[in-house]
Amino acid sequence: MIARIIRFSIANRIFVLLAALILAVWGTWAVKNTPVDALPDLSDVQVIVRTSFPGQAPQIVENQVTYPLTTTMLSVPGVKAVRGYSFFGDSFVYVIFDERTDLYWARSRVLEYLNQIQGRMPANAKSSLGPDATGVGWIYEYALIDPTGQHDLSQLRSIQDWFLKYELKTLPNVAEVATIGGMVKQYQIVLDPTKMAAFGITQRNVIEAVQNANQETGGSVLEMAETEYMVRASGYLKTLDDFRQIPLRSNELGIPVTLGQVANIQLGPEMRRGIAELNGQGETVGGVVILRAGKNARDTIAAVKSKMAELQQSLPKGVQVVTVYDRSQLIDRAVKNLSHKLIEEFIVVALVCGLFLWHLRSAMVAIVSLPLGILSAFLLMHYQGLNANIMSLGGIAIAIGAMVDAAVVMVENAHKHIEAWQHENPDQLLGQQERWVIITRSASEVGPALFFCLLIITLSFIPIFTLQAQEGRLFSPLAFTKTYAMAASAGLSITLIPVLMGYWIRGKLPSEQHNPLNRFLIKIYRPMLDKVLAYPKTTLLSTLLIFLVSLFPLTRLGGEFLPNMDEGDLLYMPSALPGLSAAKASELLQQTDRMIKTVPEVATVFGKAGRAETATDPAPLEMFETTIQFKPRSEWRSGMTPEKLVKE
């Protein structure tokens with residue numbers, strides 16, 4: 001069957017070349033449109049349910065919100081595990097599904113069950129689904145600062161919540177923009193119990209009066225003088241005086257008792273569960289851009305940066321946006337480094353082919369299969385939804401060395417056949433028709449065996465596909481791309497390679513003895529081969545001894561899930577004892593950031609205590625997360641390394 005495919009390809013060589021050209025163009029398009037990231041996403045398929053229950057202690061949140069939600073979500077189809085966390089005023093329920101579950105199907109099922117339980121939830125508990133993102137969705141972080149001091153934390157928070165947040169959410173592939181820190185402005189009513197008792201007013205009376213006073217309603221329409229007027233009663237509270245004038249009740253003389261008579265009305269901050277700080281200079285307001293699951297991180301970050309540059313012109317005078325974390329730098333460094341290694345490997349393979357074949361056009365036959373095989377792998381990656389990261393590109397790097405094996409052997413065999421024909425017909429020139437006959441015969445002779453050899457190498461990574469959970473998500477991209485590249489190489493070896501051999505193996509072909517490298521290696525190898533064949537038992541015993549000796553160091557090597565990686569930035573995560581107040585957390589955070597900023601190699605220090613306003617961040621107030629950005633390596637002190645910086 002393989003021999004028939006080779007003969008068919010040579011007989012229809014024009015169509016094979018056209019197909020190869022189409023494959024090259026299509027593969028190039030796939031390379032440009034394949035999502036790029038630094039590492040594969042190891043997150044489970046999960047849906048987060050966040051429920052806000054303001055002012056309630058964790059035990060109450062657990063009993064009235066978290067427990068009913070978790071027990072209900074256990075019956076959702078496809079659920080593998082349900083985890084619930086209760087905090088002061090917030091509940092987080094993580095519904096984890098089987099690996100093959102579609103994320104949006106899972107979200108619709110969770111929403112369906114969430115609607116069923118709403119009747120059993122407290123009236124003021126508000127549940128919502130988290131963004132359609134994963135655990136590695138935080139791709140870009142920024143801070144709002146005002147060096148002039150014209151805007152306080154509440155004003156910066158308003159700019160973030162009512163301007164930047166909504167503008168950035170309009171970008172494609174942005175799942176959510178979360179706010180960190182700052183102050184949310186509140187109208188606060190501080191009741192005076194003595195005055196309330198004197199006027200006979202309860203707290204319930206005050207709550208109902210405020211709710212009734214802060215309303216707006218319509219009164220249909222009136223027609224007067226051939227004109228229609230819409231009737232509307234505007235009763236929204238806008239100023240502190242509006243609150244003070246709210247009537248609560250009338251006394252015995254019919255005089256109204258207002259809210260201002262029994263309470264102090266003031267502006268103040270909302271109770272905070274998250275604090276942001278920059279460079280040890282004091283609190284600030286931050287934002288986090290969260291990527292939608294499975295989308296292109298690098299393109300999204302580029303769009304965010306472009307949008308930020310536009311929005312900077314619309315910000316109030318003195319307000320600046322400072323980037324404190326940018327994953328695109330890590331992505332670019334990782335992809336650039338691996339791309340350079342692929343190019344180096346490509347050049348080495350090309351040089352080896354050229355040196356051993358000692359014929360430029362013959363070497364080109366073997367080399368052409370490399371880019372086409374790689375482009376085929378990218379094409380399949382694109383339609384499978386795999387992104388380009390160090391693991392998927394690593395699979396291609398592993399395959400490159402073996403991808404040219406079949407082409408080299410086929411070219412060598414063609415050389416032998418042409419050389420044999422020239423010995424049999426020393427006075428004749430090899431004609432066009434005779435050349436194609438020889439190429440067909442030589443390719444058919446070794447093609448089937450080579451095809452199945454490549455197929456065996458292709459299938460060698462099948463055990464990796466049996467890995468589950470995080471191991472499977474980490475290594476499956478490598479196995480997929482290596483398999484795709486090898487499968488493409490196997491297909492090219494019996495279709496395109498024979499056609500290219502017929503076109504490019506021409507002219508004077510050097511014999512094996514005319515290649516000085518081959519002569520040198522044969523001269524070394526032949527005596528060694530004679531020795532081992534002369535003493536087969538000694539050879540086998542030596543091999544067994546080497547194997548047994550190697551077992552001891554193998555047991556002492558140790559192991560870990562992943563090697564240490566220098567990501568460029570550093571995340572420092574200390575924690576304090578439970579019960580830490582917001583004021584003390586802010587103080588400790590500022591002290592820590594100020595100390596870190598004294599290191600000369602540090603560019604920015606962005607500290608976060610507590611959680612951001614997103615379901616993807618369940619951190620308590622006593623948990624600190626400090627993102628440290630370093631200056632370029634060229635600005636580091638002499639002899640400084642990342643390891644030394646971490647210790648310092």
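A few points about this structure:
- Checking each residue in the stretch 354-366 for being among the aliphatic types (A, V, I, L, M), out of contact with any Leu (no Cβ under 7 Å at 6 or more places or on another chain) and open to solvent by less than 20 Å² (accessible area, probe 1.4 Å) picks out Leu357, Ala366.
- Residue check, Val31 over 28 Å from Arg273 (Cβ atoms) and of a type in the set (A, V, I, L, M): yes
- Meets criteria (farther than 23 Å from Thr179 by Cβ and charged (D, E, K, R)) for Asp299: yes
- Matching residues in the stretch 64-85 - criterion: being in contact with a strand residue (DSSP E or B) (Cβ under 8 Å, 6 or more places away or on another chain) and open to solvent by less than 60 Å² (accessible area, probe 1.4 Å): Val65, Thr66, Leu69, Thr70, Met73, Val76, Gly78, Val79, Ala81, Val82, Gly84
- Which numbered condition Ser306 misses (of (1) in contact with a Phe, Trp or Tyr (Cβ under 9 Å, 6 or more places away or on another chain); (2) at pLDDT 90 or above): (1)
- In the stretch 554-608, residue most open to solvent (accessible area, probe 1.4 Å) [restricted to those that are polar (S, T, N, Q) and modelled with pLDDT under 85]: Asn564
- Helices (runs of 4 or more DSSP H) contained entirely in the stretch 152-234, each with at least 2 residues that are modelled with pLDDT of 90 or more, hydroxyl-bearing (Ser, Thr, Tyr) and open to solvent by 80 Å² or more (accessible area, probe 1.4 Å): none
- On inspection, Ala293 qualifies as under 30 Å from Ser43 (Cβ atoms) and assigned to a loop (DSSP other than H, G, I, E, B).
- Residue, most open to solvent (accessible area, probe 1.4 Å), within the stretch 458-470, restricted to residues that are part of a helix (DSSP H, G or I) and touching a residue at least 60 places away in the same chain (Cβ under 8 Å): Gln470
- Against the numbered list (1) open to solvent by 50 Å² or more (accessible area, probe 1.4 Å); (2) modelled with pLDDT of 75 or more; (3) more than 28 Å from Leu521 (Cβ to Cβ), Gln428 comes up short only at (2).
- The single residue among Ser376, Ser362 that is closer than 21 Å to Gly447 by Cα, among the hydroxyl-bearing types (Ser, Thr, Tyr) and over 24 Å from the mean Cα position of the chain (by Cα) turns out to be Ser362.
- Number of the condition not met by Thr538 [criteria: (1) among the hydroxyl-bearing types (Ser, Thr, Tyr); (2) open to solvent by 50 Å² or more (accessible area, probe 1.4 Å); (3) modelled with pLDDT under 85]: (3)
- Odd one out for Lys631, checked against (1) more than 22 Å from Phe92 (Cβ to Cβ); (2) within 27 Å of the chain's Cα centre (by Cα); (3) surrounded by 19 or more Cβ atoms within 10 Å (Cβ to Cβ): (3)
- Filtered residues of the stretch 299-353 (kept if among the β-branched types (Val, Ile, Thr), in a helix (DSSP H, G or I) and open to solvent by less than 50 Å² (accessible area, probe 1.4 Å)): Thr300, Ile301, Val304, Ile331, Val335, Val349
- Residue in the stretch 559-569 that is free of Cβ contacts under 8 Å to residues at least 60 places away in the same chain and within 23 Å of Val285 (Cα to Cα) present: no
Yes/no matrix, rows are residues, columns are (1) open to solvent by 70 Å² or more (accessible area, probe 1.4 Å); (2) closer than 30 Å to Leu500 by Cβ; (3) out of contact with any Phe, Trp or Tyr (no Cβ under 7 Å at 6 or more places or on another chain):
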position: Trp29; (1), (2), (3): yes, yes, yes
position: Gln46; (1), (2), (3): no, no, no
position: Val93; (1), (2), (3): no, no, yes
position: Phe97; (1), (2), (3): no, no, yes
position: Ala106; (1), (2), (3): no, no, no
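- Cross-chain or 6+ apart pairs with Cβ under 8 Å, the stretch 207-219 first and without any contact (Cβ under 8 Å) to a residue 60 or more places away in the chain, then among the polar types (S, T, N, Q): Glu216/Ser234
- Of all the criteria given as (1) open to solvent by less than 20 Å² (accessible area, probe 1.4 Å); (2) assigned to a helix (DSSP H, G or I); (3) modelled with pLDDT of 85 or more, the one not satisfied by Leu645 is (3).
- Scope the stretch 1-27; condition at pLDDT below 85 and open to solvent by 80 Å² or more (accessible area, probe 1.4 Å); matching residues: Met1, Arg4, Arg7, Phe8
- Of all residues in the stretch 95-116, those that are closer than 17 Å to Ala175 by Cα have Cβ atoms under 6 Å from Cβ atoms of residues that are open to solvent by less than 60 Å² (accessible area, probe 1.4 Å) and assigned to a loop (DSSP other than H, G, I, E, B), 6 or more apart or on another chain, in Leu103/Ala293.
- Residue count for the stretch 242-256 under the criterion of being at pLDDT 85 or above and either touching an Asp or Glu at 6+ places or on another chain (Cβ under 7 Å) or open to solvent by less than 90 Å² (accessible area, probe 1.4 Å) (or both): the result is 7.
- Search result, residues across the stretch 286-322 that are in contact with a helix residue (DSSP H, G or I) (Cβ under 8 Å, 6 or more places away or on another chain) and of a type in the set (Val, Ile, Thr): Val289, Ile301, Val304, Val319, Val321
- Filtered by the rule that a residue be closer than 23 Å to Gly274 by Cβ and among the hydroxyl-bearing types (Ser, Thr, Tyr), the stretch 45-93 gives Thr51, Ser52, Thr66, Tyr85, Ser86, Ser91.
- The stretch 252-285: number of residues that are in a loop (DSSP other than H, G, I, E, B) and either within 30 Å of Tyr325 (Cβ to Cβ) or touching a residue at least 12 places away in the same chain (Cβ under 8 Å) (or both): 8
The values are calculated or read from the model by the stated rules, or taken from the named source; none is laboratory data. The structure presented is a predicted model; accordingly, all values stated were derived computationally and were not measured. All Cβ positions, glycine included, derive from the backbone under ideal geometry; neighbour counts span all protein chains shown. With ligands, DNA and RNA removed, areas are computed over all heavy atoms of the protein, side chains included. Shrake-Rupley method; radii C 1.70, N 1.55, O 1.52, S 1.80 Å.
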